[in-house]
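The values are calculated or read from the model by the stated rules, or taken from the named source; none is laboratory data. All values reported here derive from a predicted model rather than from experimental measurement. Note that we place each Cβ from the backbone using ideal geometry, even for glycine, and neighbour counts take in every protein chain shown.
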Amino acid sequence: MGFGILAYKAHQENKQTERWVYGVLALLFQPLLKISLGRELWNIVDVVAALGLMVSLLKNKKESN
């Protein structure tokens, strides 16, 4: 649900790239659709998503100052 909210916020702010990234992550991590990627690949996806969220948070924090 969190990625869905971020995608909606990015849509409101007219940030096309962020909207698509958050939308894809929402579909990937939502519990209604099971996606079997294997343990190792899921670990990589989790780390990349976490790093991306941190970069996004820092970028948005900088823009607001």
Fill in: region 14-32, residues that are assigned to a loop (DSSP other than H, G, I, E, B) and modelled with pLDDT of 90 or more
Asn14
Worksheet entry | Single residue of region 1-38 satisfying the filter (small (Gly, Ala, Ser) and more than 15 Å from the chain's Cα centre (by Cα)) that is surrounded by the most Cβ atoms within 10 Å (Cβ to Cβ) | Gly38
